[in-house]
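Contents: one structure, followed by commentary.
The numbers here are math on the coordinates, done by the rules we state, and not lab data. As the structure is a prediction and not an experimental result, all values here were calculated from the model. Reconstructed Cβ throughout: ideal geometry from the backbone, glycine too, with neighbour counts over all protein chains shown.
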Amino acid sequence: RLRVREDGLAARSARDGLWMLSNAVDLPGRYFAQGALLGHVVSGNLRTVRVVVPQTEADLVRNRTEAIRVRLADRRGEEFLATRVREVPAGSEELPSEALTQDGGGPFATDPRDRNGLKTLGRTFQFDLDLQTDATDLRFGCRAWVRFDHRQEPLAVLAWRSLRQVLLSRLTV
């Protein structure tokens, strides 16, 4: 019985891969309930970057992007080209990570009444990008800065789009 109980204390994953910890310094001496999240087991490539854009810019990203450039926090000197591979079909007011909030260093303001601190003040859209690289040492959970290069347009078209966005924001409130 003691051996069975001792085997029950070991954490095992159902699949092969690399075990990634979020806060390794918090692990020693700490008790975890059965089924608690200790980290993530990552397998396959780590070339997918999830990007969140405000609703006002979603159409530009969806229809007018010519090139996507990505810089990773742990590789600031390198710039990767990327392609858009997926889009979450509906907008959301909930961010996938606290790192995207202004408190976490991101660009999105959150609703102060939200207890989780993840509800934005406006609708956002999520896109998945695939990095065009053969690098095998990319890290899971790394912060990325993304630049979307859009087609050139006349100044009148840009002014019309800005005016239209202001009018639509006033009518929907």
| note | The distance between the Cα centres of segment 73-139 and segment 1-30, in whole Å, is 29
| field | Using θ = phi - 60° and Karplus 6.51 cos²θ - 1.76 cosθ + 1.60, couplings along segment 30-41 (whole Hz; Gly, Pro as x) | value | 9, 8, 10, 5, 4, x, 5, 7, 9, x, 10, 9
| remark: Counting sequence-distant residues (5 or more places) and residues on other chains, those with an amide H built under 5 Å from that of Glu93 are Thr124
| note | In whole percents, the bins of 10 Å from zero upward hold the Cα-Cα pairs of segment 73-112 as 21, 34, 39, 6
| field | Under Karplus coefficients 6.51, -1.76 and 1.60, residue-wise ³J(HN,Hα) of segment 75-91 in Hz, glycine/proline x | value | 9, 4, x, 9, 10, 10, 7, 9, 10, 7, 10, 8, 9, 5, x, 10, x
| request: Find how much the distance from Arg86 to Asp134 grows on full extension, using 0.36 nm per residue of separation minus their present alpha carbon separation; answer in nm with one decimal. | output: 15.3 nm
| Considering every pair of different Cα atoms, what Kirkwood radius, in Å, is found for segment 84-139? | 12.9
| request: Starting from one equal scatterer on each C-alpha and no solvent at all, send me the Debye-based log10 I(q)/I(0) for segment 13-54 at q = 0.24, 0.27, 0.32, 0.33 Å⁻¹, two decimals. | output: -0.96, -1.06, -1.20, -1.22
| field | Using alpha-carbon coordinates, inclination of helix 155-172 to the longest axis of the chain, degrees | value | 70
| query | What FRET efficiency would be calculated for the residue pair Asp149, Ser13, taking the C-beta separation as r and a Förster radius of 41 Å, to the nearest 0.05? | reply | 0.55
| task | Would you kindly work out the equivalent ellipsoid of the chain from its C-alpha gyration tensor and give its semi-axes, the square roots of five times the eigenvalues, largest first in whole Å? | result | 39, 22, 13
| field | Karplus 3J(HN,Hα) series, Hz, for segment 6-12 with 6.51 cos²θ - 1.76 cosθ + 1.60 (x for Gly, Pro) | value | 5, 5, x, 7, 7, 8, 10
| said: Order 121-132, 155-166, 23-34, 70-81 from most to least packed using the mean count of other Cβ atoms within 10 Å. | reply: 121-132, 70-81, 155-166, 23-34
| note | Note to self, the chain gives a 222 nm [θ] from helices alone (DSSP H runs n ≥ 4, -39500 (n - 2.57) apiece, / all residues, nearest 500) of -6000 deg cm²/dmol
| task | Bin all alpha-carbon pair distances of segment 39-92 at 5 Å intervals from 0 and give each bin's fraction as a whole percent. | result | 4, 13, 23, 23, 18, 13, 5, 1
| note | Candidates Arg47, Arg143, Arg113; GNM for the chain (alpha-carbon contacts under 10 Å) flags as most fluctuating Arg113
| remark: Percent antiparallel among DSSP beta bridges confined to the chain, nearest 5, equals 95
